[in-house]
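K.L.:
Below is one structure. I have some questions about it.
Derivation of every value follows stated rules applied to the coordinates shown; laboratory data play no part. The structure displayed is predicted, hence computed values, not measured ones. All Cβ positions, even for glycine, are placed from backbone atoms using ideal geometry, and neighbour counts span all protein chains on display.
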Ligand SMILES: [Zn+2]
């Protein structure tokens, strides 16, 4: 496939800067940015370093410091920079996070997690993959576009946010609350991916964790009539919920590896310490991952209805608690602008056929989708986040820098808001399940 002139210039510019990109990445990884809620110093020093570098390179920086009395200095930094394009009301944002998880057990690391080591084309350090590679790739994509001074169809920018590894309370959630994004924006969250860069994640399942406590009456096991066996009621209830939920919520979505909703009885709390006592309390948990087509409120209502029936039948009290409830936003359309332009860039730069996927986990992409903003989650990674000896492949760092820089140049907004053209479907690999 012949490449257009601006794409060729992007490729040769990034290749020419490859050593500088790698050197910068190593310098950034030396700055510990472990999330402060996980025992680390937080993002501040890394943010200062990034802000200085962006300013030195002529990028106008916006800094949003969010108050956090729990860290030295009292604030959590979020940084942004953008280049202006023809349509000044629309933005393509690459959103990555500065914080990392802790290194974990040092014994499992072959090298110092905060002194990056390059070996066999990989950079080993905590945060190299999650989310350092994407942060550096998007930053250098922006610098490449600035250097080449190519006309952009709309603004192109980056956000480097705080607190993704904990709860995004001082990062994305704050930025969304301040209305810094718009429904017309194109959001790319490069914080999950696949080894060949084929998978563009456009949908996530809703997450629902629940805890159910059944109260009976504890007695000696030889005298069951005197008591009420909470364990038996709990087991029956768990089995009924399992059957009912899996039977009722059975729609399929081919985007997902596990294409239906899942309702799994998981954790069970220990009850009595000995065999000859009938338990007076039983506690079980469910992990539910529900396709975005369903409402979690409906699921919850069904569960509560069944619990009421059990209370009546067994003359007992059953307590229901939400441990975690995160509804999924609507899936991003396969023909949305962001999905299309990313597909084109991946196809041209990485030379692979992209495919659209859904995941059972959740990323900050879901927070944007809940606001009605189309969002694609993508990067080229071996998928080793949070692991000891975490690494980033230098080839992926350079490749993704090119993809991020090329994407806005392949934009199709001139053809209308949806931006599809018939040729696009040819390189979109359909997943058949
Ligand atoms: Zn991450």
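K.L.:
Choose one answer from 383, 400, 99: the residue with the largest mean-square fluctuation in a GNM of the chain with alpha-carbon springs under 10 Å.
P.N.:
383
K.L.:
Starting from the Cα of residue 110, step 7 Å along the direction of its Cβ; do the same at residue 220; then give the gap between the two resulting points in nm.
P.N.:
Taking the two extended label points, one gets 6.2 nm.
K.L.:
Rounded to the nearest 5, what % of the DSSP beta bridges within the chain are antiparallel ones?
P.N.:
70 percent
K.L.:
Separate question: On a 0 to 90° scale, report how tilted helix 394-406 is relative to the longest principal axis of the chain, with both axes built from alpha carbons and the result rounded to the nearest 10.
P.N.:
Long axis of 394-406 versus the principal axis of the chain: about 70 degrees.
K.L.:
Stretched out fully, how many nm does the piece from residue 293 to residue 315 gain, at 0.36 nm a residue minus the Cα gap?
P.N.:
Numbers: separation 22, 0.36 × 22 = 7.92 nm, distance 3.59 nm.
Here the answer is 4.3 nm.
K.L.:
Could you work out how far helix 44-56 tilts from the main Cα principal axis of the chain, as a 0 to 90 degree angle to the nearest 10?
P.N.:
20 degrees
K.L.:
Full extension from residue 167 to residue 386: what is 0.36 nm times the residue separation minus their Cα-Cα distance, to one decimal in nm?
P.N.:
In short, 77.3 nm is gained.
K.L.:
On to the next question. Full extension from residue 352 to residue 38: what is 0.36 nm times the residue separation minus their Cα-Cα distance, to one decimal in nm?
P.N.:
109.3 nm
K.L.:
Where is the GNM fluctuation largest for the chain (alpha-carbon springs, 10 angstrom cutoff): 155, 253, 229?
P.N.:
Checking each option, the largest mean-square fluctuation is seen for 229.
K.L.:
Still on this model: Between the stretch 67-97 and the stretch 276-353, how many Å separate their Cα centres?
P.N.:
Their Cα centres are 30 Å away from one another.
K.L.:
When only C-alpha pairs under 8 Å and at least 6 residues apart count, what is the relative contact order of the chain, in percent?
P.N.:
After rounding, I find 22 percent.
K.L.:
Once the Cβ-Cβ distance between residue 308 and residue 269 is put in as r, and R0 is 30 Å, what FRET efficiency do you end up with, to the nearest 0.05? Walk me through the intermediate numbers first.
P.N.:
Details: r = 22 Å, r/R0 = 0.75.
So the FRET efficiency works out to roughly 0.85.
K.L.:
If you don't mind, another one. On the first, second and third principal axes, largest extent first, how far apart are the outermost C-alpha atoms of the chain in Å?
P.N.:
Cα spread of the chain along its principal axes, largest to smallest: 83, 50, 41 Å.
K.L.:
Of 377, 281, 272, which is the most mobile in a GNM of the chain whose springs link Cα atoms less than 10 angstrom apart?
P.N.:
Highest fluctuation of the listed residues: 272.
K.L.:
I would also like to ask the following. Take 325, 82 and order them by how many other Cβ atoms sit within 10 Å, fewest up front.
P.N.:
325, 82
K.L.:
Classify the stretch 1-119: rounded, prolate or oblate, from the alpha-carbon gyration tensor (a ≥ b ≥ c, eigenvalue square roots; a/c under 1.5 rounded; otherwise prolate if a/b is larger than b/c)?
P.N.:
On the way: a/c = 2.51, a/b = 1.34, b/c = 1.88.
Taking the square roots of the gyration eigenvalues as a ≥ b ≥ c, the stretch 1-119 is oblate.
K.L.:
Same structure again: Which whole-number percent gives the relative contact order of the stretch 280-363, counting Cα pairs below 8 Å spaced six or more residues apart?
P.N.:
Taking the mean separation of contacting Cα pairs over the length of the stretch 280-363, I get 24 percent.
K.L.:
What is the spread of the Cα atoms of the stretch 199-267 along each of their three principal axes, largest first, in whole Å?
P.N.:
Its Cα atoms span 59, 19, 13 Å along the three principal axes.
K.L.:
How much of the calculated P(r) for the stretch 53-111 lies past 20 Å, in percent of all Cα pairs?
P.N.:
More than 20 Å apart: 52 percent of the Cα pairs in the stretch 53-111.
K.L.:
What order do you get for 144, 380 when you list them from fewest to most C-beta neighbours inside 10 Å?
P.N.:
Fewest-to-most Cβ neighbours within 10 Å comes out as 144, 380.
K.L.:
Let me ask something additional. On a 0 to 90° scale, report how tilted helix 337-349 is relative to the longest principal axis of the chain, with both axes built from alpha carbons and the result rounded to the nearest 10.
P.N.:
The angle comes out near 60 degrees.
K.L.:
So how do 327-340, 294-307, 230-243 stack up, highest first, on mean other-Cβ count within 10 Å? Intermediate values should be presented prior to the final figure.
P.N.:
Numbers: 327-340: 20.4, 294-307: 14.9, 230-243: 17.9.
The peptides rank, most packed first, as 327-340, 230-243, 294-307.
K.L.:
Next question, about the same structure. Arrange the following residues from fewest to most other Cβ atoms within 10 Å of their Cβ: 268, 226, 122. Walk me through the intermediate numbers first.
P.N.:
Details: 268 14, 226 11, 122 20.
In increasing order of surrounding Cβ atoms, one gets 226, 268, 122.
K.L.:
Indicate the gyration tensor shape class of the stretch 68-154 (rounded, prolate or oblate), computed on the Cα atoms with a ≥ b ≥ c the square roots of the eigenvalues: a/c under 1.5 is rounded; otherwise a/b larger than b/c is prolate and the rest oblate.
P.N.:
Verdict is oblate for the stretch 68-154.
K.L.:
For n ≥ 4 DSSP H runs only, could you compute -39500 (n - 2.57) per run for the chain, divide by its residues and tell me the 222 nm figure to the nearest 500?
P.N.:
Calculated from helices alone, the mean residue ellipticity at 222 nm is -9500 deg cm²/dmol.
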